[in-house]
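One structure is given here, and the rest of the page talks about it.
The values are calculated or read from the model by the stated rules, or taken from the named source; none is laboratory data. All values derive from a computational prediction rather than experimental measurement. Backbone-built Cβ (ideal geometry, glycine too); neighbour counts: all protein chains shown. Please note that ligands, DNA and RNA were not included when accessible areas were found on the heavy atoms of the full protein model with its side chains. Shrake-Rupley method; radii C 1.70, N 1.55, O 1.52, S 1.80 Å.
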Amino acid sequence: MTLASGQTYKQTWVTRFGTFDALHREELFDGEDSLYGIPDVLRLPLPIPLPKAFIDWPHRRSFPDGTGLHFFVDDYQFERVWNHPHHYVNEFKKRHPLLFSPDFSVFRDTPLVMQIWQTYRTRWLCRWYQEQGVTMFPTVSWGDKASYDFVFRGIPKHSVIAISTIGRKTAGPGWDEGFVETIDRIDPELVFVVGPKLGEDLERLANRDGCGIHYYESHRNQRLKAI
């Protein structure tokens, strides 16, 4: 292939492979995070009324329009959302009045660089879908204390956030410490919790700082109750 003077290979593509820009480096967002470049998410107003139920990503088509949607499931199940975010814009806008952002896991036994990348992807998807007109709120997850340097980046103070308590009991005391750090760093206006209740001590901590807690039951628990 012969290129004209000043032309790049990138400019000669008529169509591109699906993985041409697998890192989404052509769609970057400015943010206050100059160290890692993690995008800032937008502060959106809460839709009124709130959805009566939240469904997880794998079962979203089993429920009618109007439910909320969360991604507190194994990462491999929603990796396609990162790979092809455009495919789901219309579905999200039409079927779900409120979504919690895809939440890529921050495993404390993985290298920090992988945890940073997972956090970046979580924030990038939240901001990207917000820019497309999807009502999506950021999720927060954390590993050990070393992760506190980056897992809260990109979320403005006093934001509405979502967390999952699924698996909290097996995560050890570090989970509760991370929740306390979340409240201290973000000082959220409201925390959506998907899964079992936090317990009186953590609820008291949140309420003391003026943070509201709103619970949604996990789909797995709903199915177990039905059985």
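Among the residues of the stretch 142-185, those that are in contact with a Lys or Arg (Cβ under 6 Å, 6 or more places away or on another chain) and not small (Gly, Ala, Ser) comprise Asp144, Phe152, Pro156, Trp175.
Out of all the residues in the stretch 167-175, is one or more touching a helix residue (DSSP H, G or I) at 6+ places or on another chain (Cβ under 6 Å) and not β-branched (Val, Ile, Thr)? Looking for residues that are touching a helix residue (DSSP H, G or I) at 6+ places or on another chain (Cβ under 6 Å) and not β-branched (Val, Ile, Thr), one finds at least one in the stretch 167-175, hence yes. With the structure loaded, tell me whether Glu79 is among the acidic types (Asp, Glu) and under 30 Å from Gly172 (Cα atoms) or whether it fails that test. Yes.
Of the residues screened, Gly133 is one that is at pLDDT 95 or above and on the phi > 0 side of the Ramachandran plot. Here Pro47 clears all of (1) open to solvent by 20 Å² or more (accessible area, probe 1.4 Å); (2) without any contact (Cβ under 8 Å) to a residue 40 or more places away in the chain; (3) closer than 24 Å to Ile186 by Cβ except the condition numbered (2). For the stretch 68-113, the set of residues classified as within 13 Å of Trp142 (Cα to Cα), open to solvent by less than 70 Å² (accessible area, probe 1.4 Å) and touching a residue at least 40 places away in the same chain (Cβ under 8 Å) consists of Asp103, Val106, listed by residue number.
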